[in-house]
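Asker: Below is one structure. I have some questions about it.
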Amino acid sequence: MRNTSLQLQGPCYPVIFPSVNVYWRCQYVARASNVSMRHWQQMGGVNINEDIIIDKSIHRSINARSSVLKRYVADIGKSWPVLIVCGGLLPLFVSVIWLLLIRHFVAAMPWITVALFNILIIAVTMFYYLKAGWIGNDAISPIIGAHDPYYHVFGREQNHLHAAAVLMTFIMVVSILASVAIVHRILMATSVLKVAAKIIGEVQALIIFPVMPYAILGIFYMFWFGAAFYLFSSGQIVQNNCSSNCCAYDLASKRVNCDRCCGYSIHYTPHISIAIFFHLFGCYWATQFFIACSSTVIAGSVASYYWARGETSPEIPFLPVFSSMKQLIRYSLGSVALGSLVLPFVESVRFMLDSIRRKLKVANTTPEGCMGKTTYHTSRSCFQCIEWIIRSVNRNAYIMIAITGKSFCRASAIATELIISNILKIGRVNVIGDVILYLGKLCVSLSSALFAFLMLDTHKYRSAHNKISSPLLPVLVCWALGYVVATLFFAVVEMSIDAVILSFCQDSEEHQGTAQYAPPLLMETLGDQNEMQRLTQ
């Protein structure tokens with residue numbers, strides 16, 4: 001066996017790339033392979049070059065999709081402190097700071113937001129270029145330690161980073177051009193944000209209120225992921241059927257074995273499949289329910305400010321948020337639950353239709369005619385439009401639930417009627433303000449991604465067994481978490497603007513076109529009285 005092994009004919013082969021156990025997977029280490037190669041040559045082993053089968057098999061093993069996926073999962077496990085800091089704590093802190101700044105420096109915040117957004121997106125794009133190897137000599141490596149002098153391994157991770165760098169370049173160019181195009185509209189955004197800043201300043205609990213749904217969602221997702229792991233691991237392990245020759249030498253029995261060499265897969269029983277679908281559906285429903293409750297509480301707090309005549313009221317107390325929460329729990333919880341159920345139901349129907357489409361595509365029974373393809377693409381576009389309309393209607397329905405106390409269906413009808421009859425006014429006030437708020441969310445998420453790059457570039461994650469193969473997935477996770485956190489906090493400003501505008505429209509509707517409860521700042525923002533009456537009519 002020793003003689004055949006030295007000729008690379010098995011059963012033993014040189015350990016060119018030693019590995020370590022990372023979450024029960026082999027992570028290759030290149031630094032010690034020089035010693036292995038020297039021992040191999042001292043034993044009289046044949047020379048190894050890049051053209052022989054064993055070297056090609058090593059390259060295939062390192063660059064196999066399953067190996068790349070394992071390394072990405074290992075990267076997430078190694079970088080969990082980065083996810084906590086850059087995906088949870090940092091966006092929480094930055095979002096609160098942004099709300100405080102919009103309260104005290106509302107005139108300058110749109111300009112600061114646009115400038116900061118351009119700086120951050122350029123910085124994140126440059127980091128992608130750096131890690132992809134297009135700038136400097138800091139390209140990533142799929143193996144731990146330095147490159148082996150005998151072999152040059154080019155991993156799939158670099159290809160993924162190249163694609164990400166190209167995509168970020170396109171997004172950066174488009175974003176900068178778009179931000180330049182809206183510069184002349186920033187003054188209008190400033191007037192819109194003044195109303196929200198005034199409300200946040202009066203109802204001060206709104207600044208810290210998003211911490212509550214943020215914490216509730218965090219606790220819920222911990223339990224949900226725990227249950228999901230149990231469900232997805234409850235399948236039956238079945239050996240795959242195959243006809244290919246995948247025999248291997250078994251060291252235990254000292255013979256060539258062709259049994260159980262095609263791997264295994266997990267098959268779920270119908271009960272477990274239904275349970276998994278219900279679990280996923282429940283997660284989406286619960287997420288929408290918590291967001292809807294948060295939106296209704298914010299809208300109720302803002303409505304209490306508006307209908308108390310704003311600045312003419314003696315003083316807006318600290319308790320409107322808690323009073324709105326009490327009203328929600330006592331009167332409107334069922335309406336909010338019904339409204340949050342509609343969107344997951346539509347998403348489930350679209351998911352099932354897409355699954356049927358994929359199965360038909362595999363079976364080569366997809367519609368080939370022009371009429372069939374047109375019908376298919378039209379149905380997909382209709383479902384996307386229906387989803388967008390439902391999101392918009394639900395958002396405004398929650399506001400009207402908080403204002404009027406009506407049921408979900410009745411509140412949706414009132415909100416839709418008000419929006420249709422005041423479309424010019426709402427569009428004039430909301431469009432540019434929403435753009436600035438969206439840029440603010442991107443600023444928070446981009447700052448999370450930038451700090452994630454900086455933390456992953458430290459010595460801890462660049463050497464030894466804690467080295468990550470690629471910063472791509474941890475940075476994307478931090479980016480997504482930062483955007484989710486920013487969305488929860490910026491919903492305060494968005495809901496404040498939408499709630500006060502719908503309150504103004506409802507006030508005008510009840511008093512024959514003249515708003516009786518509108519605060520002076522809102523009157524000043526929307527223009528003179530004649531313009532408001534003309535738009536209302």
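Rule-based calculations on the coordinates, nothing more; no lab input. Fair warning: this is a prediction, and the values are worked out from it, not measured in the lab.
Asker: Sequence-distant or interchain residues sharing an amide H contact under 5 Å with residue 19, placed H: which?
Answerer: Those qualifying (amide H under 5 Å, at least 5 residues apart or on another chain) are 29.
Asker: Past 24 Å, Cα to Cα: identify those pairs from 70/441; 70/467; 406/441, in the order given.
Answerer: From the list (70/441; 70/467; 406/441), the Cα-Cα distance tops 24 Å for 70/441; 406/441.
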